[in-house]
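Working notes, beginning with the structure itself.
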Amino acid sequence: MTDSETTAVAPPESEQPAPSHPWANLGAEHFRLLRLSPLPVDRHTGARPLRFVQFGRVERHSKEQSVLRLSLQLPGQKVRKEQNVLELWLDHRNKEARFGPDSGLSVEPQNRGLGRFLLAQAAAWAKQHCAHYTLESGPLPSRDALNDEARARRDHCLKAQGFSVDYQENQVKAQYSATRLSVLHGDWNGEKVQFIEQLDAAQMLQMADQNLQEQDSQLRKQRERLDQLKRDDGSLRFTIACLVAFALFQAGLLIWIATH
């Protein structure tokens, strides 16, 4: 195919998709284990048992930009690509910062303190690099406010981390904002989400294995006792059957003697 033919079939430059940023799909490079404490059942989000989550992070830096990408992975559960991801982009030329992804922060499982945890991690990282940068405001997805309780929970999470929540258009649409990154808080609810170190995780596994062995030993003893009781029960049933047969024989014999 000649160059002229190639030009003829190529789409206009305005219609060609914009190339994605080379940092757009970074995979996590550093991992830690999180423990989600068991909480009472919530009427909207359901049961909240003890769970463990893998927390991943990766960052990149250049003269013009920096990015922090945080992610959460759930064992045995898959989520959508845009879920459990929080990004913080820094523009060093304009001294500005913005959160991503553009679809908003969506965390699974819900109502376990993970959203506030991710925001706290991003805030702590930002204060180390550029606390004086301004933060670009953004809209809050309407999916996070399907009812009054969900809206209140979302607003509490954002305000606890130093954000402002402003409502528009009859209190339906809202957006988050903050003057500078320095006003954001790097703490979270430690009673809901805790880091688990490798030695602690190993100790927990060791204790779980010991408990399983103890339970297996107890079950084995219970099975042996149950088998013994079954054998005793069989012997008693045989003895009772013999006694009943002997009693019937004696009764029949007495009746025969009496009639003859």
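The values are calculated or read from the model by the stated rules, or taken from the named source; none is laboratory data. Keep in mind it's a predicted model, so treat the numbers as computed, not measured. Glycine gets a Cβ as well: all are built from the backbone with ideal geometry, and neighbour counts include every protein chain shown. Protein only, heavy atoms only, side chains kept; ligands, DNA and RNA dropped before computing areas. Shrake-Rupley method; radii C 1.70, N 1.55, O 1.52, S 1.80 Å.
Annotations
- Subset of the stretch 154-187 (residues that are touching a helix residue (DSSP H, G or I) at 6+ places or on another chain (Cβ under 8 Å) and within 18 Å of Arg112 (Cα to Cα)): Arg154, Cys157, Leu158, Ala160, Gln161, Gly186, Asp187
- Within the stretch 212-260, the set of residues being polar (S, T, N, Q) and either more than 30 Å from Leu33 (Cα to Cα) or in the same structural domain as Arg35 (by the TED database) (or both) comprises Ser217, Gln218, Gln222, Gln228, Ser235, Thr239, Gln250, Thr259.
- In the stretch 172-215, the residues that are assigned to a loop (DSSP other than H, G, I, E, B) and either under 30 Å from Ser142 (Cα atoms) or open to solvent by less than 70 Å² (accessible area, probe 1.4 Å) (or both): Val172, Ala178, Thr179, Leu184, His185, Gly186, Asp187, Trp188, Asn189, Gly190, Glu191, Lys192
- Some residue of the stretch 88-106 being out of contact with any strand residue (DSSP E or B) (no Cβ under 8 Å at 6 or more places or on another chain), in the same structural domain as Gly46 (by the TED database) and among the basic types (Lys, Arg): yes
- Residues being among the aromatic types (Phe, Trp, Tyr) and not in a loop (DSSP other than H, G, I, E, B) - total across the stretch 136-171: 1
- Residues located in the stretch 70-101, provided they are basic (Lys, Arg) and either at positive phi or touching a Phe, Trp or Tyr at 6+ places or on another chain (Cβ under 8 Å) (or both): Lys95, Arg98
- Ala245 vs. criteria surrounded by fewer than 10 Cβ atoms within 10 Å (Cβ to Cβ) and either in a helix (DSSP H, G or I) or in contact with a Phe, Trp or Tyr (Cβ under 7 Å, 6 or more places away or on another chain) (or both): no
- Within the stretch 174-209, being touching a Leu at 6+ places or on another chain (Cβ under 8 Å) and over 22 Å from Leu33 (Cα atoms) holds for Ala174, Gln175, Tyr176, Ser177, Ala178, Thr179, Arg180, Leu181, Leu184.
- Some residue of the stretch 161-171 being at negative phi, touching a Gly at 6+ places or on another chain (Cβ under 6 Å) and crowded, with 16+ Cβ neighbours inside 10 Å: no
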